[in-house]
Structures are given as C-alpha cells and as structure tokens.
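The values are calculated or read from the model by the stated rules, or taken from the named source; none is laboratory data. The shown structure was predicted, so the numbers you read here are calculated from the model rather than taken from an experiment. Please note: Cβ atoms are built from the backbone with ideal geometry, for glycine as well, and neighbour counts cover all protein chains shown. The protein model used for the area step is the full one, side chains on, heavy atoms only, and it has no ligands, DNA or RNA in it. Shrake-Rupley method; radii C 1.70, N 1.55, O 1.52, S 1.80 Å.
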Amino acid sequence: MEVKNSYIPYQVRIADKTEEAPMVQTYRLEFVNPSDATAFSFKAGQFAEYGVFGEGESTFCIASPPTREGYVECTFRSSGRVTKALANCEINDIIGFRGPFGNTFPIEQWYGKNIVIITGGIGLPPLRCVIWNILDQREKFGNLTIYYGAKSVADLVYKKELQEWKERNDVNLYLTVDPGGETPDWKDHIGFVPTILEQNLPSSHNAIAIVAGPPILIKLGMPILGKCGFANNTIYTTLENRMKCGVGKCGHCTVGKTYVCKDGPVFTYEEILNMPPEY
Amino acid sequence: MPLTRSKPKTKKHLSDNDYQMEQSLISSANLQAFFETLLQSGRIVVAPVLKQSGKVFFQPVQAYSEVATDYIQTAFSAKSVVFPKVETLFSFVRKDGEITLTDSLNRIPETVVWGLRPCDAAGFDYLTEFFLRENPDSYFKTRKEHTTLITFGCKEADNACFCTSVGLNPGNTTGSDILMTFMNEECYVEIMTEKGQQAVALAPSLFKASEVRQKDAFLAKPATRFSIDEIKDKIKHAYASAEWKQVSLGCFSCGACAFACPTCTCFDIQDEGTQDKGVRLRCWDACGFGMFTRHSSGHNPKNNQTERRRQRLMHKFNYSVDNLGIVSCVGCGRCIRVCPAHLNIFENILSVTKD
Amino acid sequence: MMKALQNKVTELFENGTITLMIGFRGVLDKFAIPVFITEVSQADQLIWTPACLNNLSVYLHKSEVKQVGKIGIIGNAGTLRSLLQLISENQLKELELTILTINEQNEVIVFASTEELEVYVQANCPAYNPEDQALVDKLNAMTREERWKYWTGQLSACVKCYACRAVCPMCYCSVCTVECNQPQWIKLSSETEGNLEWHIMRAMHLAGRCINCGECGRICPAGIPLQLLTVQMNQEIERAFGGKTGFSAKSGYALNTFKTEDKETFIR
C-alpha cells in the first residue's frame, strides 16, 4: 500500500504580499511544481500548515476560495517565531505548504438558504474563503448578511474587499469598530460586534449562521443567535487549537476525543456543546 | 446538518491476519543458538540490557550474553524501534533560490525485538491501529514492516503490573510475531504471523512441531484490580468527577510516564539548523507538559495539572476506545514505576469512577 | 513513631494551624509516595520510613497547593535544606508554612521558627551524600577527555522528559529557558547534543542554589546520575565564593550577589 507522506510539504512561491493591518499580512502562494498545482484541491473550511524551512510550521486557514485556481492565500498575524520568520520572507521566496487538512463547511447543503456570517478581527480569513465561495456562485444562495468588526479601523482586514462587499447590492454588510477605534471620517457602525448583532438581529428563517473568531465573540454570539431562533445544528463555527501535524496524530489539538485538525475545524454549535470546554 | 468528516472505524484490527497459528518447541538451551542466528542474519537485534543504574533498557545488542533475563519489566518500552524519540522527517538544503527535501524512509534496517512482554506486544498492536488506520503514517509503517516482535510470556509479575485488569494476560499473543513460554527445560513457541515463521525458518533445525499446550501453570498471576468492562462504562461519566484534583496533586508535570509508556504517541515537530540547511524532526512530547496545549496567544485550554492528568487517563481508558475501539493502557505498570511520585494509574482510575 | 506523627498532624489540623498536610503514604507495599491530606480523618495514612525520599518542597510552587492556605510539610534532610534555600530566594513569602521533621531519636519536631530550622539543619543535615562525593571524586580524577566521554555516554540516554526539572525545588521558573523559542536557546530534540545543552544549562542555573538532595538523579527514568553534575558545580561555587547552600535562610545566590569585598576588579 503506497502511502502519501503527510509530513513532506508542497513547495510554494510567494507571489504577492499585502499588508492588511498592523502585523497582519496576506500572502498569495503559487505552487513551484506545476503538477502539484494541478493535483491540489481543497474545500472551504480546510486549513494548512505553512512552514519556513529551518524555523517551523504554523497553522492557518486557506483564506482564498476553492473556486479560484492556480493559487492559495493565507492571512496571518506575526506573533511567534514562525510567523515572524514568515513575515520576513520576500516575494519569490519558497516556503512549505502542507495540506489541505480538516473537514469542510457543507457549502452544498446551504444552496437556497440565507447565510449569516459573524466574525471579528483576524477571524475573518477563514470566513473570507466561504464568502468568496458563495459570491463566486451567488445565484445558488439566498441572502448573505455579514457582521464584521475589529478593534480599530486600522485592524480591519481585507479593507478593499470590505469596500467591494459594501457596494454590492446582494450583500448586506454590517461593518463596525470598537468604541474609540473609529477615525474622524468613519461612516459605519461603532460598537462591539455582539452589540451590533443585537441591534440588527438576523432572521433565522431558512438560514444558517457561522460565528468564528475570538472565543469571546463565539461565547456571546451563539446565545444571541439562539434567541433569534437558530437551532444549534444550524450554527457553525471553526475552532482553533494548537496544531502541529494536521492529521490527527500529534495530540496537541484534542478536545476530549475529538481532534480539531481532522474531525474539525468546522463544528456545529450542537457538537461544541457536547465537547469538554478545552479549546 | 451533518458535516463532512473522516469515517468511523471498523472493528477489524489492522494487525489481524489470516495466518494460521503454528506451535513448536525449542529447548531453552537452544535459545542462544536461535538468537545468534538472528544476529548473523544481518538484522539489528534489540533486546533488554541491564545498565549500571540497575535499570533494564531495550537497545541493540551484539551478543546473547548482553541480554538481561532476571527482571520484571524494562524501564522504557520498546516503542522507540517503530516510533523513535527523535525521527528525522526530512532534511533540506536551500541553494540558488531552490529547496531540496530528502527523507530517509528507504534506509530502515530489518530489526528484531527480542524479549518483549505480552503487554508490550499488545502495545505495538495499539500503535499499529493508531498510526495506520486513518491518515497512515509513512515513518511508522516503514519501521513496523521491517520489525519482527519476539515476546516471552511472564513467569513473574510485581504489584505494579495490572495487565489482567485491561483485558490482557501474561500469555496473551496480541501483537506478537512469536510468543515463547518457558516450560521447564523447553520453550513453547506460538508462531503468530508470516514474519514469525520467517524468523523461525532461519534455524529450522532448532525447532520441532508441537501439539497445543496449556500455558497457565507457567505464567505469573498479576492481581486483577478492576473489570475493564465496568471501567469503560463508568469512565464515560467520570469527566466531572471531583476526584481528579486529588489524584493529580502529586503530578510534577514531567513526561516520564508518557515516554516510558508503550502506547503514548504524542509528538512535537521541530526544525533545527538554519533556513539554508537543516532538518525537520519529530520528537516525543507529552500531554502532561504545561505548554502542550498552549496557544501562541497565551491562551491555554488545559492550564492546570488537574486538567492535564485527566486528559491522560481519559485518553487511555475512554477516548481511545471511542476513536479506535481499544483501551490504550496495556497494564505494564511502567508509569507507576517511573513516576517520581509513583502516581498509581489503576488506583486513580478507581477513584474517579467510584460511585 | 508513625503514630506520634499522625497524632501531631491531627493536632495541627484540629487547632487550625494547618488545612493541608503534605507528607508520605505507602502504596503497593514498596513505595512511599507524596500524599496531600486535607481532612483529619486521612492523617492515619502518614508514614515515615527510609523510603520517604521525595523532596516535598517542590510542591510548594504548585498553584493548586499554594491556594489551599495553611500548609504543613514534613521534610527529610534534603527537603529541610531546600526550604531554607527557597526562603533565602524569597519564594515562600506568601505561604503560611508549618515545617515538621522526625529526628534521629524518632521524635516529631515542629519548627517554631526559621531560626530553629536553621539550627537543626546546621547540626543534623550533611552537605553532600557520601556516595555522591565518592563518584564526584572519581570524575574529578578523570582527564577532560575521559570525563567528556563519560557524560556524552550517560546523556545519550536522556529522553528530555524533564523529570529532573519537575522534581527540583529550585526549578521554579514560570517559563523555563527551553520553553523559549525566540530564539530557541536550547535544542528540544533528545539526541546527545540537545541533551548536553539542556543538562549543562541546568547545572549552570543551579550552581550555588542546588542543595544536593539528589532527587534529580534518583528519579531519572533513564538512570543517569544527574546529581553529580550539580554536586560538582556546587563545589566549584564553594571554592570560588565560600559557603554551602541550604544551611541559612539568608544565604541567597552566589551568582547574583554583589559584595564590595568581591575580588573581581572589572566591576569597580
């Protein structure tokens, strides 16, 4: 039985770097080997291990949608050894890319439904994948409502795309910054994301919701959705835990018997409630 | 709405095989000759060796005289044969903007482990399920394919041994390629797999066919501490037990139990070298360490020793049952012997599952 | 004698002096292991035998223990000296500690003050274990090449379980040097080079602080006599600065102490 070695990364070249916010960058990555590019595919929700040879690997979602071929994108904040080394890479540098890992958002099951997305700060990248996946097939879905905020205007990621989504008439975007984070010319909402959510409650009729991002947002957002009538198995989240191998072996990401890397990272709120609170 | 998920496990073990077990006999006096045949075949022979510290460890040997015989159990398991404490996943070199990766999968030598106990062999069976059932691990697979396991039934046990409490016993054949049981001047040999047969076939004149024999009278009788079926049932509700704090107070948060254990598999991945030349390594890690689950943000989902020790015991007796259908503890007692506080896993399991 | 100990501990619980007793109990007919007694009814578990070897002072760094309140702790010679060294390093300030021991005459002693503890330790506790001293003498008699060969041989067996760090009362850093990865000062892998880095670093961090209880070597799962490294380092510090660790609550730490009488001139 020929077994694929899950620890050998693809080699990808940094094709583009965008600074999204202080310490936060998006990299566009292209496969060095054309046959890797052809063989590679993934679905929304999956993540990868992005590595700098000699420094180590770091886990981020794949932030570009699977509907766009030829490249993958990741958005990350430099906080530790590997992310700092990644941030210091130049265009055309080769880094390692291992993936895709994990389960996926069941996008096909959401055809015809209204989609509600709630996130904040650096929680937007995994959901940006979902948003573009939906926008690239817009006619298949009902209403798309997005609640997104950050500490300050500078901390908002994907600023150009947020502007694009705002201007579309098939997307309802509630954009907010924390009180004190606004600039003098800020025209959108001011308030924490859960507050804006409560002031503009979504309808649960024929809808699913995704809440992801800082644990506090998940903790506050889920009950609000419950109040709107969302059943626990119609609310989704994507969990983060410390991950290393990505394939359910190293043991770092376990929550009870569940491996976030292979049984997740996408879970319904119903499943979360059945897990020990170890994430 | 169901999510796309990896598939649940079937009941058949990966190490189950259709090989028709054979029995034979070898005189105890001829064991040395068999051993030397294995050495001469070019295989690496790993056997228990008594060290100056008084502890016994598995290590490669060059002569039968090096093999320890008068001991109950080795300090560490033999899992490093198939899951080494440091494994090079690959080496890399960066030159002129290009990167070359090299792995060492094709350089694993044929190895025999001599002198396992039945608990250890069952440990290899668990490791096989864990590493190969889902997302098969290339490194484990290659090493395991090149390893033959020769086990000896236990004449003696001490009171840290508790294999009979976890569904095993001192004559159990699970995981062994060959199981030998001393019966006075002879060894009763149970050849369990093709690989075992290949080892025996290296020195066929030393073995003669045998009828099936009863082993019980020649094997140790370790005390049974609990019924595993009862524990498997009760532990499902043990997560919230108030006893976890008390059973964890003595825990120092080191990795001794995990590293000595035949079935602990957690690891870290570390790069060494520079960005131009180096290696990516897989190293043993332990869920008991304080940093094991810590995020780079500083958030730690299991931020005290009570939660970490609970994770270890729940994993051995509950989570591995849910995920693979097997209790991963084999009752070898190493964790009890090697723990600086001699924390007692079977006593702790009874505490957290008591009514 | 054990009855006397159990009775004394019962008394300390009943008069409110302690709410937690850290001592030893027996298991499996052979081990004496740490026990954490929170109720009077459990006091009869306490034993005191030659098998009571753990240095219990290490538990005083554990948050689950510190938060209990009034702590009683029984110590053998190593533990008592650790307590003095920890006091001199300001590590036990917030604790309400009651320290017990059992002397050569099998009497239970409850130390009424740090001074009383100092007097007892200075009179009764040895600085070095004679077996360790004999082995250190042998090492010191080796050539540098022989000594290097000895330690690389021994340390190749290390598996980086960090049990040595875990049982050491002086290893109380909230983030150990090995846990720093910016930069990764000490390699994490447990091959010989990485093992040497770890143990050499640890011996340096303990030089002049270790009280030679010998626990690190005793409990090492790989059977490495680690205590010999720190015994040697301590003897180097003694030669350079005088004084032995763990006999006074004011000794402090030679390598972070500056005295105007110090013979080095570079700092003047």
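The figures follow:
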item: Rounded accessible area per residue of chain B, 1.4 Å, Å²; result: 40 Å²
item: Amide H within-cut-off set for B:Cys187, under 5 Å, with H built and near neighbours excluded; result: B:Ile26, B:Ser27, B:Ser28
item: For the range B:22-352, with +1 on Lys and Arg beta carbons and -1 on Asp and Glu, the positive-most of B:Ile99, B:Gln52, B:Leu249 along the dipole; result: B:Leu249
item: Cysteines, chain A, no other Cys beta-carbon under 4.7 Å; result: A:Cys61, A:Cys74, A:Cys89, A:Cys129, A:Cys228, A:Cys253, A:Cys261
item: Selection from C:Trp148, C:Pro34, C:Leu229 lying farthest towards where the dipole of chain C points positive, charges on Cβ; result: C:Trp148
item: Residue-by-residue Karplus 3J(HN,Hα) for the range A:57-67, coefficients 6.51, -1.76, 1.60, Hz, glycine and proline x; result: 10, 9, 9, 9, 5, 8, 8, 8, x, x, 6
item: Those Cys residues of chain C for which no other cysteine Cβ falls under 4.7 Å; result: C:Cys52, C:Cys125, C:Cys158, C:Cys161, C:Cys173, C:Cys176, C:Cys180, C:Cys210, C:Cys213, C:Cys220
item: Degrees separating the helix A:215-227 axis from the principal Cα axis of chain A, which is the longest one; result: 40 degrees
item: For chain B: rounded, prolate or oblate by the Cα gyration tensor [a/c cutoff 1.5]; result: oblate
item: Proximal charge balance of A:Leu220 [Cβ under 14 Å; K/R count +1, D/E count -1]; result: 0
item: Other protein chain Cβ atoms within 10 Å, averaged over every residue that makes up A:171-182; result: 0
item: Point-to-point label distance, A:Asn274-A:Tyr71, nm (Cα→Cβ direction, 7 Å offset); result: 4.1 nm
item: Cα gyration tensor category, rounded, prolate or oblate, for the range C:2-124 with a/c compared to 1.5; result: rounded
item: Gaussian network model of chain B, springs between alpha carbon atoms under 10 Å - residue of B:Ala223, B:Ala160, B:Ala209 with greatest fluctuation; result: B:Ala209
item: Carbon and sulfur %, accessible surface of the range A:107-238 computed with the full protein complex present, 1.4 Å; result: 53 percent
item: Cα shape, the range C:130-256, gyration tensor, a/c 1.5 rule; result: oblate
item: Antiparallel content of DSSP bridges confined to chain C, in %, to 5; result: 60 percent
item: Shielding by partners - mean other protein chain Cβ count within 10 Å, residues of A:44-56; result: 4
item: Chains C and B together, accessible area buried on both sides, 1.4 angstrom probe, square angstrom; result: 3200 Å²
item: Summed residue charge, Cβ within 10 Å of A:Gly51's Cβ, Lys/Arg positive, Asp/Glu negative; result: -2
item: Cα→Cβ-extended label distance, 7 Å offset, between B:Gln214 and B:Met183, nm; result: 1.1 nm
item: On Cα atoms only, tilt of C:192-206 relative to the major axis of chain C in degrees; result: 60 degrees
item: Cα centroid separation, the range A:223-279 to the range A:157-172 (Å); result: 28 Å
item: Choice from A:Ala85, A:Ala150, A:Ala212 with maximal GNM fluctuation in chain A (Cα, 10 Å cutoff); result: A:Ala85
item: Theoretical ellipticity at 222 nm over the protein assembly as shown - DSSP helices of four or more residues, -39500 (n - 2.57) apiece, nearest 500; result: -8000 deg cm²/dmol
item: Cα lying deepest toward the dipole's positive end in chain A, options A:Gln163, A:Val32, A:Ile218, charges on Cβ; result: A:Ile218
item: With all protein chains modelled, accessible area of A:Glu198 [1.4 Å, Å²]; result: 90 Å²
item: In sequence order, calculated HN-Hα J values of the range C:122-130 (Karplus, 6.51, -1.76, 1.60; Hz; x Gly/Pro); result: 5, 7, 10, 9, x, 7, 9, 6, x
item: Crossing angle, helix A:124-135 versus chain A [Cα axis fit, 0-90 degrees, rounded to tens]; result: 80 degrees
item: Average other protein chain Cβ within 10 Å of Cβ, residues C:54-65; result: 3
item: Chains B and A together, accessible area buried on both sides, 1.4 angstrom probe, square angstrom; result: 4600 Å²
item: Occluded residues from the range B:68-113, i.e. those whose accessible area drops by 40 Å² or more once the chain is not alone (1.4 Å probe); result: B:Phe76, B:Lys85, B:Val86, B:Phe90, B:Ile99, B:Leu101
item: Simple spin-label estimate for C:Thr49 and C:Asn256 in nanometres, 7 Å along Cα-Cβ; result: 4.0 nm
item: Separation of alpha-carbon centers, the range A:1-73 and the range C:197-268, rounded to whole Å; result: 49 Å
item: For a label point 7 Å along the Cα-to-beta-carbon line of B:Asn303, residues of the range A:247-279 with backbone N under 15 Å; result: A:277-279
item: Virtual paramagnetic centre 7 Å along Cα→Cβ of B:Ser205, amide N under 18 Å, in the range B:39-60; result: B:39-41
item: Summed side-chain charge close to B:Gln73 - residues other than B:Gln73 whose Cβ falls under 15 Å, Lys, Arg +1, Asp, Glu -1; result: +4
item: C:Cys173 accessible area, assembled protein chains, probe 1.4 Å, Å²; result: 100 Å²
item: DSSP-assigned coil residues among chymotrypsin sites (Phe, Trp or Tyr not before Pro) in the range B:274-335, each with at most 16 further Cβ atoms within 10 Å; result: none
item: Centroid-to-centroid separation of the range B:165-243 and the range C:102-176 [C-alpha atoms, Å]; result: 42 Å
item: Cβ-derived FRET efficiency at R0 25 Å, A:Ala154 paired with A:Lys17, nearest 0.05; result: 0.90
item: Among B:Ser80, B:Ser176, B:Ser138, residue whose mean-square fluctuation peaks in a GNM of chain B (springs only between Cα atoms under 10 Å); result: B:Ser138
